[in-house]
Amino acid sequence: SMQQLKRKYEGRTAVILCNGPSLNKVDFDLLNTTEVHTFGLNKINLLFSSTDFRPSWIVAVNSYVIRQNREFFNSTEIPLFLDKDGASDADITGRRGVVRIRSRPGTGRFSRSCELGVFQGHTVTYVAMQLAYHMGFQKVGLVGCDHNFPDSGRPNELAQTYGTDRNHFHPDYFSGGMSWEYPDLAGSEFHYQKARVAFENVGRELVNCTEGGNLEVFTRMALNKFLG
């Protein structure tokens, strides 16, 4: 439960695996170790056919994503953090290892204690940051956070996809008429600033280990150096 996870990983290191194209440049051997805990996001399972790396947890809060990935979420052994309403709507069965999280309304807030719920902050990455904080991680790195969507439109607007996906690490991420919501990069960035301050205020760090991309809110560091 969320309560049991509170501060359980104090002093430890975590990496959040975002879903941008640069995720394909990550050396997963660096992460395939018991020393590092990893949060996969949304449809990270599309990566599994090309690597034996598996994340420690997977986080998903968007109801479209949860529904589209329902089959995997219902069959995987990997522990999941899923939005409570999204999981109910998608009929995710009550198997062990699913922590249902409550999304709280409001913007510009960072939940230091996730038993009460989390703020979505326009991106599942922000939810993973709150979970990492709650769980006590001292150092948290981001990879695959390109913060750049070549095919996009009005922020938060619902759209249908056509053709292959150039915004994510896998061409089938959102494709073939799937519904998705256009990203809100300004909204995400505003919340990333909040996360950075929350971590810094208690002497913990959030670091951007993405190769390339447009995210400049956090200090950048190569992944091997961050983990070294």
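The values are calculated or read from the model by the stated rules, or taken from the named source; none is laboratory data. Quick caveat: nothing in here was measured; it's all calculated off a predicted structure. Note that we place each Cβ from the backbone using ideal geometry, even for glycine, and neighbour counts take in every protein chain shown. Side chains included, ligands, DNA and RNA excluded: accessible areas come from the protein's heavy atoms. Shrake-Rupley method; radii C 1.70, N 1.55, O 1.52, S 1.80 Å.
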Where the accessible area of the chain is counted over protein heavy atoms with a 1.4 Å probe, how much of it, in %, is carbon and sulfur? 44 percent
Could you sort S111, S75, S56 by their accessible area in this structure, using a 1.4 Å probe and putting the largest first? S75, S56, S111
Suppose accessible area is computed on protein heavy atoms with a 1.4 Å probe; arrange F149, F53 from highest to lowest. F149, F53
Accessible surface, 1.4 Å probe, highest first, among residues M221, M135: M221, M135
Between the range 185-207 and the range 93-154, the alpha-carbon center distance in angstrom: 12 Å
FRET efficiency, 1/(1 + (r/R0)^6) with R0 35 Å, evaluated for V197 and K8 via beta carbons: 0.90
Return, in residue-number order, each cysteine of the chain whose C-beta is not under 4.7 Å from any other cysteine's C-beta. C114, C209
Ranked by how many other beta carbons lie within 10 Å on average, peptides 17-28, 120-131 from highest: 120-131, 17-28
Total charge dipole magnitude, the chain, about the Cα centre, Cβ charges on Lys, Arg, Asp, Glu only, Debye to nearest 20: 840 debye
Based on the alpha-carbon gyration tensor of the chain and its eigenvalue square roots a ≥ b ≥ c, which shape applies: rounded if a/c is under 1.5, prolate if not and a/b is larger than b/c, or oblate? rounded
Taking only C-alpha positions in the range 165-228, Rg and Dmax in angstrom work out to 15.1, 45
Isotropically averaged projected area of the range 77-209, using the convex hull of Cα atoms (one quarter of hull area), nm²: 9.0 nm²
Any chance you could run the full-extension gain for S1 through Q160? It's 0.36 nm times the residue separation minus the Cα-Cα distance, nm to one decimal. 53.7 nm
For Cα pairs less than 8 Å apart in space and 6+ apart in sequence, what is the mean separation divided by the residue count of the chain, i.e. the relative contact order in percent? 24 percent
Spatial extent of the range 25-88: Rg and Dmax, with the Cα atoms as the point set, Å: 12.2, 35
Value of relative contact order over the range 43-129, rounded to a whole percent, pairs C-alpha under 8 Å and six or more apart: 23 percent
For the chain, what is the calculated [θ] at 222 nm in deg cm²/dmol (nearest 500), taking -39500 (n - 2.57) for each run of four or more DSSP H residues and dividing by its residue count? -6500 deg cm²/dmol
Using a 1.4 angstrom probe, figure out how much accessible area the range 1-90 has per residue, in square angstrom, rounded to the nearest whole. 46 Å²
